[in-house]
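A short worksheet on the structure shown next.
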Amino acid sequence: MTGKFYEIDLLIEGEIILEAKAVDIMHPVYDAQIISYMKLIDKRLGYLVNFNVVRLKDGFRRFVNNFWFYVDNNPRGRETLRELSASASPRLKQKK
């Protein structure tokens, strides 16, 4: 068989992708995996859940596909983005 095969762990209500893991270390490849799934089937929201944690809420990571597209289409989106960038800039400069 040629080509690649992708299998989503769970698709909730046809809109939300849930990718389940039970690993000690969350590698960046898992992030890339869920982002790829979201792009391939054009879904906005995905969760990467690691069940190998003490508190389950620490194992959740949320991903939003095309977030900036939706901000740009919001009438206040660009203004809000500028406000967020301006307020975040001083904090980013301090970390360097």
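Using 0.36 nm per residue and subtracting the Cα-Cα separation, the extra length available between Val54 and Asp24 on full extension is 9.7 nm.
Placing unit charges on each Cβ (+1 for Lys and Arg, -1 for Asp and Glu) gives the stretch 1-50 a dipole about its Cα centre, and among Asn50, Ala32, Ile12 the Cα reaching farthest toward its positive end belongs to Ala32.
Qualifying chymotrypsin sites (Phe, Trp or Tyr not before Pro) in the stretch 1-65, where qualification requires a DSSP coil assignment and no more than 16 other C-beta atoms within 10 Å, comprise Phe5, Tyr6, Phe51. Distant-in-sequence amide contacts of Lys21, defined by a placed amide H-H separation under 5 Å and a gap of 5 or more residues or a different chain, comprise Val49, Asn50, Phe51. Put the Cα centre of the stretch 1-36 next to the Cα centre of the stretch 41-56 and the gap is 9 Å.
Checking every one of the trypsin sites (Lys or Arg not before Pro) in the stretch 1-63 against DSSP loop status and a limit of 13 other Cβ atoms within 10 Å picks out Lys4, Arg55.
With a cut-off of 9 Å between beta carbons, the residues surrounding Asn52 carry a summed charge of 0, where Lys and Arg count +1 and Asp and Glu -1.
Computed from the coordinates by the stated procedures, all read-outs in this text should not be read as laboratory data. Since this is a predicted model, take the numbers as computed values, not measurements. When we count neighbours, we look across all protein chains shown, and the Cβ atoms used for this are built from the backbone with ideal geometry, even at glycine.
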